[in-house]
1. Can you tell which of Glu176, Glu202 is among the acidic types (Asp, Glu), in a loop (DSSP other than H, G, I, E, B) and surrounded by 13 or more Cβ atoms within 10 Å (Cβ to Cβ)?
2. Looking at the range 83-107 only, could you name the residues that are touching a residue at least 12 places away in the same chain (Cβ under 8 Å), surrounded by fewer than 19 Cβ atoms within 10 Å (Cβ to Cβ) and more than 21 Å from Ile163 (Cβ to Cβ)?
3. Hey, can you tell me all the residues within the range 126-169 that are assigned to a loop (DSSP other than H, G, I, E, B) and either in the same structural domain as Ser80 (by TED's automatic domain parsing) or buried (at least 20 other Cβ atoms within 10 Å of the Cβ) (or both)?
4. Determine whether the range 46-63 contains at least one residue that is assigned by TED's automatic domain parsing to the domain that holds Phe107, within 17 Å of the chain's Cα centre (by Cα) and charged (D, E, K, R).
5. With (1) surrounded by 15 or more Cβ atoms within 10 Å (Cβ to Cβ); (2) not in a loop (DSSP other than H, G, I, E, B) as the list, and Tyr250 as the residue in question, which single condition is left unmet?
6. Criterion first (assigned by TED's automatic domain parsing to the domain that holds Asn134 and more than 22 Å from Ala141 (Cβ to Cβ)) does Asp188 satisfy it?
7. Yes or no: the range 220-241 includes at least one residue that is at pLDDT 95 or above and touching a Cys at 6+ places or on another chain (Cβ under 7 Å).
8. When you check Tyr215 against the structure, is it in contact with a helix residue (DSSP H, G or I) (Cβ under 8 Å, 6 or more places away or on another chain), over 23 Å from Pro98 (Cβ atoms), buried (at least 20 other Cβ atoms within 10 Å of the Cβ) and not assigned by TED's automatic domain parsing to the domain that holds Gly27, yes or no?
Amino acid sequence: MQELILQKLREIEQQYEVQILFASETGSRAWGFPSPDSDYDVRFIYRHTRDWYLSIDEQRDTNEYLSGDLDLVGWDIRKSLRLLRKTNAAMFERLQSPIVYLQQTDFREQLLALAPAYFSCRAGLHHYLSMANNYYKACEAEDQVKLKSYFYLLRTTLCSRWIVERQGIPPLQFRELLPLVEDQAMRDKIETLLVLKAQVDESFRHPKETELELYLKGILDYCDSQAKDLEKHQGETEPLNELFRKTIAYPWH
């Protein structure tokens, strides 16, 4: 699959006349709880030649390729930096991914170094808390719950707790969030579900875990009560401008 991903990335470069700065896996494979039939969710950041950015008109800033279990979506560097400045969670996640398919400059390392200055705890919590509450409602309404839905609920809930208690960017990988589960019975339950998740397909439905749902709802209510006390800020734009100018000035290919 890695060879196919690289082939498609090269085809995108040629078709749209761009250079992909880096491409990484997101979704369940990067989070650490894939099913055997999980999609490959590849996200990439690319640049055009410098002259492309000198047009007075806004131009297409997203490219994608979707086929079967392969899902590739890329953002132009300018769009990516603007979204990072706004604490876009997807940007922070793709930067942290342990699975990097392609990297052609040191852009990723430079952006990783800058990223903490652009993470607003209040904005980040709003993102994860909103997602977690939606997942909770979906799980609560079912007697047989998709197992992947429980893991989406778990991850976003624990990301919310991380932001509230540790005041920073939550880690991408699920196992790094597990120390936040202090109840040993719940921790054991999650470990059992992790083993099961690796064995069943994405459509697998699991008997309702009422105690787990109530435990997570308690965390969500706690995080919601803390939201108003979290900082809200936006990092300085100039460091991102400097990285943007430097990157589009790199020798082409």
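1. Glu202
2. Ile99, Val100, Leu102, Gln103, Gln104, Thr105 - these are the residues of the range 83-107 that are touching a residue at least 12 places away in the same chain (Cβ under 8 Å), surrounded by fewer than 19 Cβ atoms within 10 Å (Cβ to Cβ) and more than 21 Å from Ile163 (Cβ to Cβ).
3. Selection gives Ile169 alone.
4. No - not one qualifying residue is present in the range 46-63.
5. (2)
6. So Asp188 fits the description; yes.
7. No, the conditions are met nowhere in the range 220-241.
8. no
The values are calculated or read from the model by the stated rules, or taken from the named source; none is laboratory data. None of the values given here were measured: they were computed from a predicted structure. No Cβ is skipped: glycine too gets one built from the backbone with ideal geometry, and neighbour counts run over all protein chains shown.
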